[in-house]
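**Student:** Input: one structure, supplied below.
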Amino acid sequence: MSLKFFDKLSQNLIELLHDKEEYNVIIEVENKEKSFTAHSNVLKFRSSYFRRELENIQPNENNIKIIIKSRISGQIFNVILQYIYGGIVDLENCETGFIYDLMLVADEFELEELTNKLETILIETKGSWLRTHFSFIYHSIFSRNNFKKIENFCNDIVVKYPNLIFDADDFTSLEESALVSLLKRNDLQMKEVKIWDYVIKWGIAQTSTLPTNLDDWTKENFLTLKTTLQQCLPHIRYFYLSNIEVVDKIKPFKKMMDKQLWDDINQHLLIPDRPVMSTILPSRTILDRELPPRIEEPRKSLSDIISEENAAFSTIISKEYFSTITSESFSTIISEQHAAEISTWIDRKKTAYALTNIPYDFELILRGTRDGFAPQTFWDICHGHACTVVLVKVKGTDEIIGGYNPLEWDNSNIKGKWMETKDSFIFSLKNGDISKSILSRVKNRHAIYNRSKNGQKQWGPYFGDFRMYSRYSNFALDAGCCCKNISMNYEKPIRSSSDFFSIIDYEVFKIVKKTA
């Protein structure tokens, strides 16, 4: 019989961690602003990373070894040490973004047990967060190549809706391992000739020295591209291309093809029943289904994808996502009182509308926690809509700020364009510690700015003095939004500070006159 007393053992090891007398290692984190003490023997036996690191560091005059990890936050490293010493990780009040970052750091320190557990938690209970941050997750997760469960989770979405990645502006920055993992899938819902086009596009983008004009390429140029694509080319289903596709698409790159493969492709086109020496991969299974038509949307939003998946996604969409959808009122940011106040401003009334007499319906077009926080999503969904209200919940405060645009949002501009109107206004709403609402009407012709196509990757709605921006293409991920505290385009500031801020959520409503 074996008696196990892990709780007491864990408690004693945590006490050892906090003992400042016997340590022989110092770990400096957060740009050396925070430091932790530890014991080399514990670190070495719990982490192969620390074993290698400590073997290569010479102790100082006090026989202390110092490890510097500037990019890691003190909060995350404290959790890492609690796990290393006591096998305890408390995630009770942790935001999902923190759990994701913790998983990445656990992987960096080669804590496989912790990494695998966190990866499972994210997939099984935080699926909606992974989808909301899909582009960021997809591009970052494959740079490590250690998170197979999340990779499969993402690829199960991409193979059904490949335009999410292949049509994205940052497609050519995709990690090679991510591209290869998609090319291996038999269920990638894309015509083979289009897959070939994207592979060539990706390969050329990785090599800046290649001539722009294909007619100017030398044999060495083709060999360079072949080397770049050596992991991708074996996964193309060449034997399912038509005669025209081979002539128009494959033949121009004949010089980078293996001679045997090229001969076999041509033989197969002429005599399809005759065996070839090259490996013939199975054809991709393209589902015969009709998707809802796009209406003024050049690219599907993530919310459209989730709603179209229905049964296919039902086993993996988290309880957290469904509880958000089913419990929401007309808005997660404003109340009926706020709607009445905004309606009063729209009609330029001096007396506020009563709750029973609001003349407008607030029809939800976009919600960040539902549709995602990427700036491009705003332009894709709101394009063509006029008479809209943008509402923002500021992170870390009680502030609700927003703007009214009576004109159409337009995502088709090659260059950015200012729109002129006398009826636009920006505002902050009474809420919590905010004692009084502030209304600020436009005072010059620079009321609304419709961003250029390139600018839409980082810029969202723009009301001159109130604007939404994200360097990381996620309004909730970085502090990029701001309201000027010196009025330029509108009558007065709606926020006392011009500091940049992040958001908890944002909504866009179409304001529609109620019918009698």
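Read-outs: derived from the displayed coordinates by stated rules, not from any lab. None of the values given here were measured: they were computed from a predicted structure. Note that each Cβ is placed from the backbone with ideal geometry, even for glycine, and that neighbours are counted across all protein chains shown.
**Student:** Taking GluC sites (Glu not before Pro) that fall in a DSSP loop and have at most 13 other Cβ atoms within 10 Å as cut points, what is the longest piece of the chain between them?
**Tutor:** It works out to 96-289.
**Student:** Sum -39500 (n - 2.57) across every DSSP H segment of at least 4 residues in the chain, then divide by the residue count to get the 222 nm mean residue ellipticity, nearest 500. Walk me through the intermediate numbers first.
**Tutor:** Working: 20 runs with 184 residues, N = 516.
Using -39500 (n - 2.57) per qualifying helix, the result is -10000 deg cm²/dmol.
**Student:** Which whole-number percentage describes the relative contact order of segment 331-513, with Cα contacts under 8 Å and a sequence gap of 6 or more?
**Tutor:** Values: 443 pairs, mean separation 47.7, N = 183.
So the answer I get is 26 percent.
**Student:** Moving on. Please compare each pair in 191/453; 393/415; 219/251 to a cut-off of 19 Å on the Cα-Cα distance and tell me which ones are over it.
**Tutor:** Working: 191/453 27 Å; 393/415 30 Å; 219/251 14 Å.
Pairs exceeding 19 Å: 191/453; 393/415.
**Student:** When percent of Cα pairs over 41 Å apart is calculated directly from the model, which label among (1) 53; (2) 39; (3) 28 fits?
**Tutor:** The listed entry that was calculated here is (2).
**Student:** Pick out, from 243, 489, 83, the residue whose Cα sits farthest towards the positive end of the charge dipole of the chain, with +1 on the Cβ of Lys and Arg and -1 on the Cβ of Asp and Glu.
**Tutor:** About the Cα centre, the residue reaching furthest to the positive side is 489.
**Student:** Putting +1 on Lys and Arg Cβ atoms and -1 on Asp and Glu Cβ atoms, find which of 57, 72, 24 reaches farthest to the positive end of the dipole of segment 6-110.
**Tutor:** So the residue we want is 57.
**Student:** Next question, about the same structure. Hey, what do the phi angles of segment 469-476 turn into as Karplus ³J(HN,Hα) couplings, whole Hz, using 6.51/-1.76/1.60 and θ = phi - 60°, x for Gly and Pro?
**Tutor:** Taking θ as phi minus 60°, the curve returns 9, 8, 5, 9, 6, 7, 4, 8 Hz for segment 469-476.
**Student:** Separate question: Lysine pairs in segment 6-110 with Cα distance under 17 Å, only those 8 or more apart or on different chains: how many are there? Spell out each step's value before the answer.
**Tutor:** Details: 20/34; 20/65; 32/65; 32/69; 34/65; 34/69; 44/65; 44/69.
Here the count comes out as 8.
**Student:** Specify which residue in the list 221, 98, 122 is farthest towards the positive end of the charge dipole of the chain, using unit charges on the beta carbon of Lys, Arg (+1) and Asp, Glu (-1), about the Cα centre.
**Tutor:** The residue sitting most towards the positive pole is 221.
**Student:** Under unit Cβ charges (Lys, Arg +1; Asp, Glu -1), what dipole magnitude, rounded to 20 debye, does segment 155-247 have relative to its Cα centre? Numbers along the way, then the final one.
**Tutor:** Working: 9 positive and 13 negative charges, 68 e Å.
In debye, rounded to 20, segment 155-247 gives about 320.
**Student:** For segment 374-401 and segment 117-148, what is the centre-to-centre distance using only Cα atoms, to the nearest Å?
**Tutor:** 25
**Student:** Could you list 465, 215, 197 in order of exposure, starting from the residue whose Cβ has the fewest other Cβ atoms within 10 Å? Kindly include the intermediate steps, with their values, before the conclusion.
**Tutor:** On the way: 465 26, 215 6, 197 14.
The order, fewest Cβ neighbours first, is 215, 197, 465.
**Student:** If the only charges are +1 at each Lys and Arg Cβ and -1 at each Asp and Glu Cβ, what is the size of the charge dipole of segment 420-504 around the Cα centre, to the nearest 20 debye? Intermediate results must be reported in sequence, preceding the final value.
**Tutor:** Values: 14 positive and 7 negative charges, 44 e Å.
Using only the charged Cβ atoms, the result is roughly 220 debye.
**Student:** Another question, if that's okay. Placing unit charges on C-beta atoms (Lys and Arg positive, Asp and Glu negative, everything else neutral), compute the dipole magnitude of the chain about its Cα centre in debye, rounded to 20.
**Tutor:** Roughly 1220 debye for the chain.
**Student:** I need the shape label for segment 6-110. Rule: rounded when a/c is under 1.5, else prolate if a/b > b/c, else oblate, with a, b, c from the alpha carbon gyration tensor. Don't jump to the answer; show the numbers that get you there.
**Tutor:** Details: a/c = 1.72, a/b = 1.24, b/c = 1.39.
Because a/c hits 1.5 or more and a/b fails to exceed b/c, segment 6-110 counts as oblate.
**Student:** Be a star and scan segment 150-178 for residues whose amide nitrogen sits under 18 Å from the point 7 Å along the Cα-to-Cβ vector of residue 227.
**Tutor:** Counting only backbone N, you get 176.
**Student:** So which trypsin sites (Lys or Arg not before Pro) in segment 352-422 pass both tests, a DSSP loop state and at most 13 other Cβ atoms within 10 Å of the Cβ? Walk me through the numbers on the way to the answer.
**Tutor:** Values: sites: 367, 370, 393, 395, 415, 417, 422; in loops: 395, 415, 422.
Sites meeting the loop and neighbour criteria: 415, 422.
**Student:** Within segment 1-80, report the chymotrypsin sites (Phe, Trp or Tyr not before Pro) that DSSP leaves as loop and that have at most 11 other Cβ atoms within 10 Å. Can you show the working numbers first?
**Tutor:** Numbers: sites: 5, 6, 23, 36, 45, 49, 50, 77; in loops: 5, 23.
Sites meeting the loop and neighbour criteria: 5.
**Student:** Shifting gears a bit: When only Cα pairs under 8 Å and 6 or more residues apart are kept, what is the percent relative contact order across the chain?
**Tutor:** Working: 779 pairs, mean separation 49.8, N = 516.
This gives 10 percent for the chain.
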